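Participant: Before I ask anything, here is the structure I am working with.
The values are calculated or read from the model by the stated rules, or taken from the named source; none is laboratory data. None of these values were measured; they are calculated from a predicted model. Ideal geometry is used to build each Cβ from the backbone, glycine not excepted, and the neighbour counts take in all protein chains shown. Each accessible area value is taken on the protein alone, full model and side chains, heavy atoms only, with ligands, DNA and RNA left out. Shrake-Rupley method; radii C 1.70, N 1.55, O 1.52, S 1.80 Å.
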Amino acid sequence: MRYLTLLASLMCMALSISAAKADRRVAFVVGNGSYKNVAQLPNPPIDAKAMAATLRNVGFEVIEGSNLSRDQMTEKLLDFGRKAQGSDIALFYYAGHGIAVGGINYLLPVDADIKSEMDVKLGAAINIDLTLDQTMGDAKVKLVFLDACRDNPFAAKIKSSSATRSVNVQSGLAEMKSGEGTLIAFATGPGQTALDGQEGNNSPFTRALIDNITKPGVEIQQAMTSVRAQVNEETRKGQLPWGHTNLTGTVYLNQAPTTQVANAAPTASGIVPAASGSSDGVELEYWRSVKESNKPEELNAYLTAYPNGQFKALALARLAAIKSGPSTATRTLNAGVDPATFTDEATQLTEDQIGLDKTQRRDVQRRLNALGFDTKQTGVFSDETRAVLKRWQAARGYPSSGYLNKNQHKALLSEIVAAPATASDGSQKPARRAASAPAGSAPAPAPHRSNPGDAAGAAFVGGVVGGMMGGMFRR
């Protein structure tokens, strides 16, 4: 009986770890500041970039944008809606102008020209309630962060144009109720305005989100308590974030300690703490994406995510160099890379023009793996590979589409010498079973390329279970 109990425990542990690693996370992150018809907001694009980097660091596929028009926002939202369908966690973040008219909240694209209530309701602004319902409706967990409570100049325009009747236009955003499995957080309370922060830096609310929501082992509602406390203290009680929560289980955006995973049962929301493991590869990818940046906010975002990271000294040195040099410098292009690589869009057509055969596609996948962007080496560009290509493109500052063009392909080939073929790409036969394996034992699971630690853990569990089963049968 004790063998069966131990066996069941090991199987539950393996299933829990597998479920934790399988969760699919998608985020919409947009910051609008360069408004055409009212005063501009300098910080929302900076806020959005820092938030996008933070979320990618914990496994989110991010649909990102800055200073978007109405049509561009619609396009991004359609993409987000498609990818968020059936996801485990869908996250919506917006920084910029928002407005509440008649108790309904709207987001404002940079080309909004609102003079009346009718302009808002006929499509110049984006209805938040409708947008969230259409894009995130069937996600298991829905997280919404709105840093859109700035002092809005559109409100005065609408009020002045409605002299003949009463129009309820709030200074900030109106209260919203969250549906099942949803957390909604505002930068400040309903009807109040939030601070944009010092120019060139993050707003108090976004800075607090970045500092707290991805801390290892910290549950999201606990993190939001810390967010409120941090903003309240930083603004000297001038701003207190507000929210509404209807989550049905515990939600973690970052890996929880191993001991919590081993003892955890799946929560009501279907989200369990991710198994802890080496994050060196993730940190390396993050550092590569900002190491040549001349923007302090990008380097500070790295230091926020990794306060004791292995590249901390380099990041601080880079910040010191930026401070002593021109403040308007831009990201340095990688040596030897055609400048057009940073601007030319890649599509299915441009990729077809390269004429990659299966061997060359496998070579692309192998090179991505060698650079720390893990994907299966099948010779077929699946949705998984497309997502990895997007991450590589974003990290290099190339237009992020998931497809290649000739310049991007050339840049990838110049980055690193391809690693030798391995059994994972199907080019070699699996090794024979060791002669010493006990009779009746189950073979150890094949290793998974995405994390060497997974392979070791799987082999351990498989070996223990197999040995136990063999011993039971011999009895």
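Participant: Could you check, for the range 294-304, whether at least one of its residues is in a helix (DSSP H, G or I) and modelled with pLDDT under 75?
Facilitator: The answer is no; no qualifying residue exists.
Participant: Which pairs do you get when a residue that is open to solvent by 30 Å² or more (accessible area, probe 1.4 Å), found in the range 398-410, comes within reach of a residue that is not in a loop (DSSP other than H, G, I, E, B), reach meaning Cβ atoms under 6 angstrom, with the pair 6+ apart or on two chains?
Facilitator: SER400/LYS390; SER400/GLN393; SER400/ALA394; TYR403/GLN348; TYR403/GLU351; LYS406/ILE354; ASN407/ALA340; ASN407/THR341
Participant: Looking only at the range 54-76, which residues are closer than 15 Å to PHE145 by Cβ and assigned to a helix (DSSP H, G or I)?
Facilitator: Hits for the range 54-76 are THR54, LEU55.
Participant: Cβ-Cβ under 8 Å, sequence separation 6+ or interchain: first residue in the range 221-233 and in contact (Cβ under 8 Å) with a residue 60 or more places away in the chain, partner surrounded by 15 or more Cβ atoms within 10 Å (Cβ to Cβ) and assigned to a helix (DSSP H, G or I). Which pairs?
Facilitator: Final answer for the pair search is none.
Participant: Here are the criteria: (1) part of a helix (DSSP H, G or I); (2) at pLDDT below 90; (3) open to solvent by 80 Å² or more (accessible area, probe 1.4 Å). Tell me which single one ILE322 does not satisfy.
Facilitator: So the condition that ILE322 fails would be (3).
Participant: Another question about this same structure. Working only within the range 342-363, note down all residues that are assigned to a helix (DSSP H, G or I) and either modelled with pLDDT under 80 or within 24 Å of the chain's Cα centre (by Cα) (or both).
Facilitator: First, pick out the residues of the range 342-363 that are assigned to a helix (DSSP H, G or I): 342, 348-354, 358-363.
PHE342, the sole residue that qualifies.
Participant: Does the range 374-390 contain any residue that is at pLDDT 55 or above, loosely packed, with under 15 Cβ neighbours inside 10 Å and β-branched (Val, Ile, Thr)?
Facilitator: Looking for residues that are at pLDDT 55 or above, loosely packed, with under 15 Cβ neighbours inside 10 Å and β-branched (Val, Ile, Thr), one finds at least one in the range 374-390, hence yes.
Participant: Further question on the same structure: Looking at the range 368-388, I want the residues that are more than 20 Å from PRO399 (Cβ to Cβ) and part of a helix (DSSP H, G or I) and have a partner that is open to solvent by 10 Å² or more (accessible area, probe 1.4 Å) and not hydroxyl-bearing (Ser, Thr, Tyr) with Cβ atoms under 6 Å, at least 6 apart or on another chain. Which pairs are those?
Facilitator: Going by the 6 Å Cβ cut-off, the qualifying pairs are ALA370/ILE416; ALA370/ALA419.
Participant: Every residue in the range 25-41 that is open to solvent by 10 Å² or more (accessible area, probe 1.4 Å) and either of a type outside the set (A, V, I, L, M, F, W, C) or at pLDDT 95 or above (or both), please.
Facilitator: Listed by number, the residues that qualify are ARG25, SER34, LYS36, ASN37, GLN40.
The rows are residues; the columns are (1) modelled with pLDDT of 90 or more; (2) out of contact with any Leu (no Cβ under 8 Å at 6 or more places or on another chain).
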residue: ARG228; (1), (2): yes, no
residue: LYS237; (1), (2): no, yes
residue: TYR252; (1), (2): yes, yes
residue: THR259; (1), (2): no, yes
residue: ALA265; (1), (2): no, yes
residue: SER269; (1), (2): no, no
residue: VAL272; (1), (2): no, yes
